[in-house]
Amino acid sequence: MRSVIDLPALVVGLLISAAISATLLLAHRGSNNKRGWAAAAGLVVLISVVAAVDLARESPRETHFSTPVVAVAIATLAALGMVRATRRIRMLFRAPLVFVTALILLLSGLLFAATYSQRILPF
């Protein structure tokens, strides 16, 4: 019986979203904006490098390098915005909001980037 859902890809997306959420929530302890922006930039670079290495290992490369870069940038910036917007909310409600935002925008960012970024970006 085949499934429509690619389970390993969904698990990787969940793990990446959890890493983005946890890192940004930890970086914004005490309302330190510089540390939050630095953590967001570091996340985008780190996850983009890991994705580029993974894409480079494929023999018939069908996915452009810009696809994961754009998707991770969208998800990280959206999660950063959610972290900053929910400063006054308790962590019990704040963490799931940031996680869901990161997950939804990571997956939709991948779809958007796979469709449009290869037409706009040269890499």
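Residue by residue through region 91-118, note down the ones that are surrounded by 19 or more Cβ atoms within 10 Å (Cβ to Cβ), among the hydrophobic types (A, V, I, L, M, F, W, C) and under 26 Å from T63 (Cα atoms). Before the answer, list the steps.
First, pick out the residues of region 91-118 that are surrounded by 19 or more Cβ atoms within 10 Å (Cβ to Cβ): 94, 98-99, 101-103, 105-106, 109-110, 113, 117.
Add one more test, that the residue is among the hydrophobic types (A, V, I, L, M, F, W, C), and what stays is 98-99, 102-103, 105-106, 110, 113.
Result: F99, A102, L103, L105, L106, L110, A113.
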Those residues that are under 16 Å from G109 (Cα atoms) and of a type in the set (V, I, T), I need them from region 1-44; list them, please. V12, I16, I20, V44
Top-ranked residue in region 12-39 [being closer than 21 Å to F65 by Cα and at pLDDT below 95; ranked as surrounded by the fewest Cβ atoms within 10 Å (Cβ to Cβ)]: V12
Take the residues in region 40-66 that are in a helix (DSSP H, G or I) and touching a residue at least 40 places away in the same chain (Cβ under 8 Å), then tell me which one is surrounded by the fewest Cβ atoms within 10 Å (Cβ to Cβ). S66
Region 71-90, residues that are surrounded by fewer than 22 Cβ atoms within 10 Å (Cβ to Cβ) and in a helix (DSSP H, G or I): A73, I74, L77, A78, G81, M82, R84, A85
Of the conditions (1) outside any loop (DSSP other than H, G, I, E, B); (2) within 25 Å of D6 (Cβ to Cβ), A95 clears all except one; give me its number. (2)
Which condition from (1) surrounded by 13 or more Cβ atoms within 10 Å (Cβ to Cβ); (2) of a type in the set (S, T, N, Q); (3) not in a helix (DSSP H, G or I) is the one that S3 breaks? (1)
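The values are calculated or read from the model by the stated rules, or taken from the named source; none is laboratory data. Note that the structure is a prediction, hence the values are computed from the model and not measured. All Cβ positions, glycine included, derive from the backbone under ideal geometry; neighbour counts span all protein chains shown.
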